[in-house]
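**Student:** The structure's right below; bear with me while I get my questions together.
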Amino acid sequence: MAGRKQWWALAVLVLPVLLISVDMTVLGFALSFLSEDLAPTGAEQLWIVDIYSFMLAGLLVLMGTLGDRIGRRKLLLMGAAAFGAASVLAAFSTSAFMLIIARALLGVGGATLMPSTLSLIRSIFVDAKQRRIAIAVWSAGFSGGMALGPVLGGWLLEHFWWGSVFLINVPVMLVLLIVGPFVLPEARDPKPGRFDPLSALLSLAAMLPVVYGIKLVAEHGFTVKAAVSVLIGLGLGVVFVRRQNSLDEPMLDLKLFSNRAFSGSVVTNMLGVFAMVGLLFLVPQYLQLVLGLSPVVAALWMLPATVAGIAGALLAAWLAKRIRVSLLVSGGLLVAAVGFLALTQVSSGGGLAYVVVAFTLLGGGVALSETLTNDLVVSAAPAERAGAASAISETGFELGGALGTAILGSVATAVYRSGLPEGTAESARDTLGGAVATAQQLDPAAGQALLESAREAFTQGMHVTAWAGVAVLVYTGVQAFVLLDRKKNSAVRS
């Protein structure tokens, strides 16, 4: 049973998770400020945003298995030092290229943090019920950071320069580096086998082209270049899988996927994030550019979703003692689907109440389900493979987010463009922000007409995306109920 030291260890492990989730949302607020200072080209700005997720997604599996080999605490502390140093480099960047390098290094550091924290929880909390509570707290930290990012970012940018959004990482990483060695135990695979450099190279080479291709779809639609990039990544993925099956001591134990609790949880997480991220990209624009709210006010209206997310994560452990896990996961996803349904009722003339209700249901439902699926992932895997299992789960999370942005974002953009009248300026057809900028250059009557049509078209695009989210979450909820059925899968017994 866990004692005081173990719960203090959990408090330390929540710190990097909180920071990573803050970092996922805070950069968007700083883009306009750093663009004025560093004057990046369009391509450089895209790389500033995207390079972090490229490195994160590409390195998660490698870092997870590396932690199993060299020690998860050691990898976590090394990653924390790298993350802190890269944050300082990003904050004081004097050129766009320097910031791109810093963001890439942040991705490398971030890839060590997420799987290390989750796998250490698996090692520290051996009691299944306590481990579920610990993962609930870990998930609550992630939910809290997602909403804290916009509020914190808006406040910092009102009082300091854009680099301050990166410097907030440094004191937290210092606390982790100072306290971590005293409260975190070391854990590793006692018999890791020989390290295979080719497998490590293939895992990175397979993931990067897939993520790059998905990003191209999000930015330019379905193109030959995007398709070729994804196909190359999938081809290398097949080579990677075949190599793992041929090795006596594979880098990644693919037998984990034969466990229904593990594979079902990974897929459930990926599809849930797929649906959620598609609308996370659209709703802030709706609040700011359709309803006219300031960034900070828009972020504050989304805080109820944070409270619901924290409550959903913490309730998951308590409810799992009384209700079947498969039913809870399915129920959480269906609650989130109702939230998406509420978003279909917003209009270009108003709909703030629907947005608040929608995101409250979405935050609570997704947090409830993903707390339990993360518990299933680390519980289903052997303790010595906890790092690799956690990394697979996080990779599914990253892929789900990238696919949601690309596919659902492309659908919303297509609906938006089709809703604009013929002859609309190309800059206005690209984005709603472009339409707002274009309208300011026209005479008042023409500008108002463009704004009304653009806002209506954008809202219609959000409706279509919300309906797609409903369909995905209902399917995922049914799938989770079938795959995670406690009666059919001993791995979820506690």
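None of the figures in this text is laboratory data; all of them are computed from the coordinates on show. Since the model is a prediction, treat every value here as computed from it, not as a measurement. Glycine also receives a Cβ, built like all others from the backbone with ideal geometry; neighbour counts cover every protein chain displayed.
**Student:** For the residue pair Ala11 and Arg322, what label-to-label distance in nm results when each label sits 7 Å from Cα along the Cα-to-beta-carbon direction?
**Tutor:** In this crude label model, Ala11 to Arg322 measures out at 2.9 nm.
**Student:** Angle check, please: helix 386-403 long axis (alpha carbons) against the longest principal axis of the chain (alpha carbons), in degrees 0 to 90, nearest 10.
**Tutor:** 10 degrees
**Student:** Any idea what Rg and Dmax come out to for the stretch 259-494 if you just take the C-alpha atoms, in Å?
**Tutor:** That works out to 19.9, 68 Å for Rg and Dmax.
**Student:** Here's another thing I want to ask about it. Among 56-66, 347-357, what's the highest-first ranking by average C-beta atoms within 10 angstrom per residue? Provide the component values of the computation, followed by the final result.
**Tutor:** Details: 56-66: 26.5, 347-357: 15.9.
Top to bottom by mean Cβ count within 10 Å: 56-66, 347-357.
**Student:** Lys321: which aspartates and glutamates have alpha carbons under 19 Å from its alpha carbon, excluding same-chain residues fewer than 8 sequence positions away?
**Tutor:** Of all the aspartates and glutamates, those that pass the test against Lys321 - Cα under 19 Å, at least 8 places apart if same chain - are Asp127, Glu370, Asp375, Asp485.
**Student:** Also, quick follow-up: Using label points projected 7 Å from each Cα along Cα→Cβ, tell me how many nm separate Val307 and Ser427, to one decimal.
**Tutor:** Those two pseudo-labels are separated by 4.2 nm.
**Student:** Per 0.36 nm of contour for each residue apart, how much would the distance between Ser347 and Ala449 grow if the chain were fully extended, relative to their Cα-Cα spacing?
**Tutor:** On the way: separation 102, 0.36 × 102 = 36.72 nm, distance 1.65 nm.
Roughly 35.1 nm would be gained on extension.
**Student:** Also, quick follow-up: Using only Cα atoms, tell me the angle between helix 409-418 and the longest principal axis of the chain; keep it within 0 to 90° and round to the nearest 10.
**Tutor:** Compared with the principal axis, the helix lies near 10 degrees.
**Student:** List the aspartates and glutamates whose alpha-carbon lies under 20 Å from that of Lys74, not counting same-chain residues fewer than 8 positions away?
**Tutor:** Lys74 reaches Glu186, Asp189, Glu384, Glu394.
**Student:** Suppose each label sits 7 Å from its Cα in the direction of the beta carbon; what would the Val356-Asp127 distance come out to in nanometres?
**Tutor:** 4.0 nm
**Student:** I would also like to ask the following. Per q in 0.15, 0.24 1/Å, what log10 I(q)/I(0) does a Debye calculation on the alpha-carbon atoms of the stretch 196-250 return?
**Tutor:** At q = 0.15, 0.24 Å⁻¹ the computed log10 ratios are -0.44, -0.80.
**Student:** Tilt of helix 303-319 relative to the longest C-alpha principal axis of the chain, in degrees (0 to 90, nearest 10)?
**Tutor:** 30 degrees
**Student:** Which whole-Hz couplings ³J(HN,Hα) result when phi for each residue of the stretch 283-300 is put into the Karplus expression 6.51 cos²θ - 1.76 cosθ + 1.60, θ = phi - 60°, listed in order with x for Gly and Pro?
**Tutor:** 4, x, 5, 4, 5, 8, 9, 9, 8, x, 7, 6, x, 5, 5, 4, 5, 5
**Student:** Going by the alpha-carbon gyration tensor, a ≥ b ≥ c the square roots of its eigenvalues, is the stretch 88-222 rounded (a/c under 1.5) or, if a/c is not under 1.5, prolate (a/b greater than b/c) versus oblate?
**Tutor:** Working: a/c = 1.71, a/b = 1.18, b/c = 1.45.
Verdict is oblate for the stretch 88-222.
**Student:** Also: At a Förster radius of 51 Å, what calculated FRET efficiency corresponds to the Cβ-Cβ distance of Val239 and His159, to the nearest 0.05? Intermediate values should be presented prior to the final figure.
**Tutor:** Values: r = 51 Å, r/R0 = 1.00.
According to the calculation, E is roughly 0.50.
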